[in-house]
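Data first, discussion second: the structure below is written as structure tokens.
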Amino acid sequence: MHFNCYAWLISLRLKTLPLSISAILMGNALAYWQQQFNLLIMLFSLITALLLQILSNLANDYGDTIKGSDKPNPTAHTRGIQLGLITLKQLKLALWVNASLCILSGLCLLLLACQNYYELVIFLLLGLLAIVAAITYTVGKKPYGYMGLGDISVLIFFGLVGVMGSYYLQTKSWSPWIFLPAMGCGLLAVAVLNINNLRDIDSDRSNHKQTLAVIMGDKVARFYHLFLLLLAMWLLSLFAYYYLHTIYSGLYLLTLPLFLKHSYAVLQFNTAKNAAPLLLQMVKLALLTNLLYCLGIILS
């Protein structure tokens, strides 16, 4: 079986991986703030989260290919399978291998972090749910990514589960205030997906892929994007104001000028080609905001 490194690298979509990294770092920064931190647990959390996101990216390619909605789009992400460098059989094998690695890494994480069978069972179920969600986004008879449910899935797994789950594995405790930064982190990830869907709105509509952007329409989806950014920053600000109480907690506000510039561009672009750079810009903004926020938490 011929192996093309370039084809697999572009199919893994490495530029999107900061989303899963951000959620894990946020949860671990909060745990460090509570003076409960294990470096090995954080490393296995990062590895597992990255493998899950790669699984989702590969499953997305596989599902879109089967459904015929992966037609070449010069403004969108180029897949190895689109270029004919990867076969459907190879992609399916990669899915199985990646899913197996997710399970292996996840088990190592849980055996390291869980203290009783109750915790082990709960997180095993969450892990399996994450794998199923990653695959069924575009694979299956009724993929939820084609039904406008992608945004809520991203919010749950790149926000609530990623942040609150990694926090619990470190501290073995729940705190309601964790909901604020978890939601903020998740909403920034949803904004990345929304830009992707805005860019592909015409091709998705023609292929009967009902993303939330397609359902809402171009104009409303742009204002929905601004709402996501405003709500994310508001929730992050609430936590920083009420719980951190130090000058360092405002470090993330340094990104505000970049958000204003990005928001203006989102309202102004008029072609999919102009929207394409905004996707990478949003990924960088989400990562930078989360990193500065994590730094503020640690310094506090």
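Here are the numbers for this structure:
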{"quantity": "Selection count where residues are closer than 16 Å to Val154 by Cα and hydrophobic (A, V, I, L, M, F, W, C), scope segment 199-219", "calculated": "2"}
{"quantity": "Which listed residue, of Asp204, Asp218, is over 30 Å from Gln34 (Cβ atoms), acidic (Asp, Glu), surrounded by 18 or more Cβ atoms within 10 Å (Cβ to Cβ) and over 19 Å from the mean Cα position of the chain (by Cα)", "calculated": "Asp204"}
{"quantity": "Ser263 being over 28 Å from Trp33 (Cα atoms), in contact with a helix residue (DSSP H, G or I) (Cβ under 6 Å, 6 or more places away or on another chain) and surrounded by fewer than 17 Cβ atoms within 10 Å (Cβ to Cβ)", "calculated": "yes"}
{"quantity": "Listing of helices (runs of 4 or more DSSP H) fully contained in segment 109-207 that carry 3 or more residues being at pLDDT below 90", "calculated": "117-136, 201-206"}
{"quantity": "Within segment 155-196, tally of residues that are under 10 Å from the mean Cα position of the chain (by Cα), buried (at least 24 other Cβ atoms within 10 Å of the Cβ) and under 24 Å from Leu128 (Cβ atoms)", "calculated": "9"}
{"quantity": "Condition met for Leu126 (surrounded by fewer than 19 Cβ atoms within 10 Å (Cβ to Cβ) and either touching a helix residue (DSSP H, G or I) at 6+ places or on another chain (Cβ under 7 Å) or touching a residue at least 24 places away in the same chain (Cβ under 8 Å) (or both))", "calculated": "yes"}
{"quantity": "Residue count for segment 245-300, restricted to those that are β-branched (Val, Ile, Thr) and in contact with a Gly (Cβ under 8 Å, 6 or more places away or on another chain)", "calculated": "1"}
{"quantity": "Any hit, segment 245-255, residues being closer than 30 Å to Asp202 by Cα and modelled with pLDDT of 95 or more", "calculated": "no"}
{"quantity": "Single match in Leu278, Leu299, Leu258 (criterion: in contact (Cβ under 8 Å) with a residue 24 or more places away in the chain and either touching a His at 6+ places or on another chain (Cβ under 9 Å) or basic (Lys, Arg) (or both))", "calculated": "Leu278"}
{"quantity": "Options Phe259, Phe239, Phe227: the member that is among the aromatic types (Phe, Trp, Tyr), more than 15 Å from Ala191 (Cα to Cα) and in a helix (DSSP H, G or I)", "calculated": "Phe239"}
{"quantity": "Residue list for segment 268-287, restricted to those being modelled with pLDDT under 85, surrounded by fewer than 20 Cβ atoms within 10 Å (Cβ to Cβ) and part of a helix (DSSP H, G or I)", "calculated": "Ala272, Lys273, Asn274"}
{"quantity": "Single residue of segment 38-69 satisfying the filter (touching a Ser or Thr at 6+ places or on another chain (Cβ under 9 Å) and surrounded by fewer than 17 Cβ atoms within 10 Å (Cβ to Cβ)) that is farthest from Leu12 (Cα to Cα)", "calculated": "Lys67"}
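Listed here are the residues, each with its yes/no results for (1) assigned to a helix (DSSP H, G or I); (2) of a type in the set (S, T, N, Q); (3) over 21 Å from Gly106 (Cβ atoms).
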residue: Trp8; (1), (2), (3): yes, no, yes
residue: Lys15; (1), (2), (3): yes, no, yes
residue: Leu25; (1), (2), (3): yes, no, no
residue: Ala31; (1), (2), (3): yes, no, no
residue: Ile41; (1), (2), (3): yes, no, no
residue: Phe44; (1), (2), (3): yes, no, no
residue: Ser56; (1), (2), (3): yes, yes, no
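The values are calculated or read from the model by the stated rules, or taken from the named source; none is laboratory data. All values derive from a computational prediction rather than experimental measurement. Here Cβ is always computed from backbone atoms with ideal geometry, including for glycine, and neighbour counts include all displayed protein chains.
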